[in-house]
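Chemist: Next up is a structure, given as structure tokens.
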């Protein structure tokens with residue numbers, strides 16, 4: 001498949017799970033639905049290797065053969081995230097020991113990814129499967145593992161590996177005692193072999209270093225798999241992995257959840273080296289709570305890992321009882337993925353499963369396998385994507401604004417939360433969602449990414465842990481004329497979560513033109529007529545302009561929002577959390593300061609996402625996230641690629657409930 005010409009469209013398919021043989025019927029229904037790709041094999045190690053070293057790929061062959069007859073391409077997944085029973089029986093240590101004790105056999109992702117027995121047999125199944133399938137003409141790529149993380153592996157053998165890792169990194173135990181504050185509560189030791197079990201640590205810096213070690217283990221695991229696949233795959237076949245996000249459970253405690261933010265248990269930036277095509281799984285609310293924010297957030301995080309298109313390997317069709325989309329919502333979802341730069345959309349999964357823990361995470365087809373409204377709408381989407389592919393495949397985005405994140409801050413703020421249940425990802429979404437509602441597009445980049453030259457504005461929401469290179473790069477960015485907007489609790493500690501022993505914000509007080517050394521929880525405090533929430537830093541301006549002050553009998557002398565000129569740029573700092581509407585006002589003022597004029601004629605629930613086609617034409621996605629019809633005056637001369645209708649500036653442009661228009665700039 002030439003990805004430059006086509007959009008990938010399809011689903012995961014588990015022929016092994018079917019209660020009876022319906023392979024030919026499924027293939028025909030997929031073709032009728034406009035599918036061009038299916039994803040197989042990543043969940044069925046025990047079927048592919050029923051006994052150690054004895055491979056049976058007959059079911060894999062059967063599906064690939066059928067897919068080829070029907071003109072479908074195949075992504076083959078390595079099945080390493082769900083181990084067979086014989087492996088756990090052969091070596092019980094293959095099951096991870098976590099802070100809660102030894103894992104039991106049964107669930108997926110229960111293994112120790114460092115265990116030699118696991119690695120030996122994982123390498124065997126990867127080699128055998130890839131060698132067996134790589135020459136098949138309709139196998140277009142390989143997915144390595146599945147939603148990979150470290151899975152909390154932390155047993156005695158992991159402690160030994162961690163102790164050795166610490167010795168290699170830091171050299172002397174005195175340096176470790178100093179760097180991680182182990183003298184606190186008598187935690188210091190005299191040799192590396194005495195470093196204690198981090199799962200019982202009281203010192204955040206020490207525990208977070210172990211979390212980093214665990215993340216590196218997961219990153220290396222993906223690189224290890226990728227290197228194996230590279231030895232056998234064809235040059236035209238890609239390697240992908242379905243990155244996931246921090247999983248937020250439904251508020252009512254019912255089964256399920258959604259993709260809520262940066263993943264704390266693996267660094268996507270570092271792990272991206274294992275892939276030639278970035279892949280991801282994105283799940284979210286639908287029905288009345290469909291906003292598209294999770295779709296946009298996921299895309300804005302995945303795309304900058306390569307500054308290229310990415311593949312949505314999993315998104316929802318029906319799934320839980322909470323996830324039965326209204327008519328038109330599946331189309332809106334698919335168009336939203338493409339609007340963020342996805343090169344294709346795949347569903348998890350094709351058919352609903354009749355037993356097992358995911359029996360009620362329904363697929364496209366329900367348990368009776370009959371066509372249903374979900375299938376009918378997906379069939380319409382598939383046919384439409386065939387027509388749109390020449391215009392949308394390879395869509396590029398060039399955002400001038402970036403939100404800067406890092407994994408260290410996520411985990412550090414689990415130890416030192418801002419306020420109650422308010423997490424790092426909550427604050428990140430507070431900023432991201434404010435921009436999203438204003439139709440201001442941005443990239444989400446990791447602080448380790450060295451090149452910021454493509455951006456005019458950098459936003460730092462609660463970047464608690466500042467890597468050693470971050471502060472000087474911020475200074476250089478400002479000196480060149482960039483604009484920085486930082487929120488409370490940014491640049492407070494180093495990458496080991498050691499709080500800096502100087503004035504805050506560390507190393508940047510002259511850039512921001514202010515400092516602070518006290519903070520508190522706001523109680524009956526307002527800023528510009530709205531409540532200050534969760535956290536407030538008592539900012540003391542030096543040369544900074546005060547943009548907003550706290551309204552309070554005792555805290556009223558302190559600034560809440562400041563702006564300062566530094567070099568050719570401007571540095572803004574917000575010391576508290578305010579309601580989203582007020583944050584939007586501040587962000588718009590900051591962007592005007594940076595010379596960026598967003599499209600102000602469109603507001604939520606109309607969402608605007610833009611890109612440039614391979615032909616160099618501006619493409620705008622106008623998305624209606626509401627059950628109400630929306631009519632606006634067209635701000636552009638354009639043609640709707642879905643309907644063929646032309647618009648001139650000022651023409652009435654109407655979208656029905658949950659509607660989507662794809663607007664290409666019109667020729668004169």
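Chemist: For the subset of segment 616-636 comprising residues that are out of contact with any strand residue (DSSP E or B) (no Cβ under 7 Å at 6 or more places or on another chain) and in contact (Cβ under 8 Å) with a residue 12 or more places away in the chain, which member is surrounded by the most Cβ atoms within 10 Å (Cβ to Cβ)?
Modeler: Filtering first and then ranking leaves 635.
Chemist: Next question, about the same structure. Condition check: buried (at least 17 other Cβ atoms within 10 Å of the Cβ), modelled with pLDDT under 95 and not in a loop (DSSP other than H, G, I, E, B). Does residue 166 satisfy that? Outline the logic, then answer.
Modeler: Numbers: buried (at least 17 other Cβ atoms within 10 Å of the Cβ): yes; modelled with pLDDT under 95: no; not in a loop (DSSP other than H, G, I, E, B): yes.
No.
Chemist: When you look at residue 246, is it at pLDDT below 95 and closer than 16 Å to residue 151 by Cα, yes or no?
Modeler: yes
Chemist: Right, here's the next one. Can you spot a residue in segment 314-322 that is farther than 24 Å from residue 396 by Cα and in a strand (DSSP E or B)?
Modeler: yes
Chemist: Also, I was wondering about something else. Restricting to strands (runs of 3 or more DSSP E) lying wholly in segment 1-84: which have 3 or more residues that are farther than 30 Å from residue 614 by Cβ, in contact with a helix residue (DSSP H, G or I) (Cβ under 9 Å, 6 or more places away or on another chain) and touching a residue at least 60 places away in the same chain (Cβ under 8 Å)?
Modeler: none
Chemist: Could you say which residue among 337, 349 is in contact with a strand residue (DSSP E or B) (Cβ under 7 Å, 6 or more places away or on another chain) and part of a loop (DSSP other than H, G, I, E, B)?
Modeler: Among 337, 349, only 349 is in contact with a strand residue (DSSP E or B) (Cβ under 7 Å, 6 or more places away or on another chain) and part of a loop (DSSP other than H, G, I, E, B).
Chemist: Confirm whether residue 631 is under 29 Å from residue 286 (Cα atoms) and part of a loop (DSSP other than H, G, I, E, B).
Modeler: Numbers: under 29 Å from residue 286 (Cα atoms): yes; part of a loop (DSSP other than H, G, I, E, B): no.
For residue 631, the condition - under 29 Å from residue 286 (Cα atoms) and part of a loop (DSSP other than H, G, I, E, B) - is not met.
Chemist: Hey, can you tell me all the residues within segment 181-198 that are in a helix (DSSP H, G or I) and surrounded by fewer than 11 Cβ atoms within 10 Å (Cβ to Cβ)?
Modeler: Passing the criteria: 185, 186, 194.
Chemist: Further question: May I ask you to list the residues in segment 516-533 that are surrounded by fewer than 19 Cβ atoms within 10 Å (Cβ to Cβ) and under 23 Å from residue 463 (Cβ atoms)?
Modeler: Once the filter is applied, which keeps residues that are surrounded by fewer than 19 Cβ atoms within 10 Å (Cβ to Cβ) and under 23 Å from residue 463 (Cβ atoms), segment 516-533 yields 517, 518, 519, 520, 521, 533.
Chemist: If you scan segment 149-161, which residues turn out to be surrounded by fewer than 21 Cβ atoms within 10 Å (Cβ to Cβ), in contact (Cβ under 8 Å) with a residue 12 or more places away in the chain and not in a loop (DSSP other than H, G, I, E, B)?
Modeler: Matches in segment 149-161: 156, 157, 159, 161.
Chemist: Return the only residue of 404, 427 being surrounded by 21 or more Cβ atoms within 10 Å (Cβ to Cβ), in contact with a strand residue (DSSP E or B) (Cβ under 8 Å, 6 or more places away or on another chain) and within 29 Å of residue 344 (Cβ to Cβ).
Modeler: 404
Chemist: Also, quick follow-up: When segment 113-137 is examined, which residues are found to be part of a loop (DSSP other than H, G, I, E, B) and closer than 13 Å to residue 81 by Cβ?
Modeler: The one that is part of a loop (DSSP other than H, G, I, E, B) and closer than 13 Å to residue 81 by Cβ: 113.
Chemist: Within the bounds of segment 465-479, is there any residue that is in contact with a strand residue (DSSP E or B) (Cβ under 9 Å, 6 or more places away or on another chain) and either part of a loop (DSSP other than H, G, I, E, B) or not assigned by TED's automatic domain parsing to the domain that holds residue 547 (or both)?
Modeler: Yes, segment 465-479 has at least one match.
Chemist: May I ask you to verify whether residue 178 is part of a helix (DSSP H, G or I), free of Cβ contacts under 8 Å to residues at least 40 places away in the same chain and either surrounded by fewer than 17 Cβ atoms within 10 Å (Cβ to Cβ) or on the phi > 0 side of the Ramachandran plot (or both)? Can you show your working first?
Modeler: Numbers: part of a helix (DSSP H, G or I): yes; free of Cβ contacts under 8 Å to residues at least 40 places away in the same chain: yes; either surrounded by fewer than 17 Cβ atoms within 10 Å (Cβ to Cβ) or on the phi > 0 side of the Ramachandran plot (or both): yes.
Yes: the conditions hold for residue 178.
Chemist: May I pose another question? Quick test for you: out of 497, 486, pick the one residue that is buried (at least 24 other Cβ atoms within 10 Å of the Cβ), touching a residue at least 40 places away in the same chain (Cβ under 8 Å) and not in a loop (DSSP other than H, G, I, E, B).
Modeler: Unique residue meeting the criteria: 486.
Chemist: Just checking, which of 178, 194, 227 is outside the structural domain of residue 415 (by TED's automatic domain parsing) and closer than 20 Å to residue 114 by Cα?
Modeler: Going through 178, 194, 227 in turn, the sole match is 227.
Chemist: How many residues does segment 511-543 contain that are outside any strand (DSSP E or B) and touching a helix residue (DSSP H, G or I) at 6+ places or on another chain (Cβ under 9 Å)?
Modeler: 5
Yes/no matrix, rows are residues, columns are (1) in contact with a strand residue (DSSP E or B) (Cβ under 8 Å, 6 or more places away or on another chain); (2) crowded, with 24+ Cβ neighbours inside 10 Å:
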site: 304; (1), (2): yes, yes
site: 307; (1), (2): no, no
site: 321; (1), (2): no, no
site: 357; (1), (2): no, no
site: 377; (1), (2): no, no
site: 382; (1), (2): yes, no
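Chemist: I'd like the full set of residues that are farther than 17 Å from residue 547 by Cα and in contact with a strand residue (DSSP E or B) (Cβ under 7 Å, 6 or more places away or on another chain), limited to segment 511-521.
Modeler: Hits for segment 511-521 are 517, 519, 520, 521.
Chemist: Sticking with this structure for a sec: If residue 611 passes every condition in (1) out of contact with any helix residue (DSSP H, G or I) (no Cβ under 8 Å at 6 or more places or on another chain); (2) in a strand (DSSP E or B) but one, which one does it miss?
Modeler: Unmet condition: (1).
Chemist: Considering each residue of segment 586-606, count those that are free of Cβ contacts under 8 Å to residues at least 24 places away in the same chain and not in a loop (DSSP other than H, G, I, E, B), and give that number.
Modeler: Total meeting the criteria: 1.
The values are calculated or read from the model by the stated rules, or taken from the named source; none is laboratory data. Given the structure is predicted, the values throughout are model-derived calculations rather than measurements. Virtual Cβ from ideal backbone geometry, glycine too; neighbours counted across all protein chains shown.
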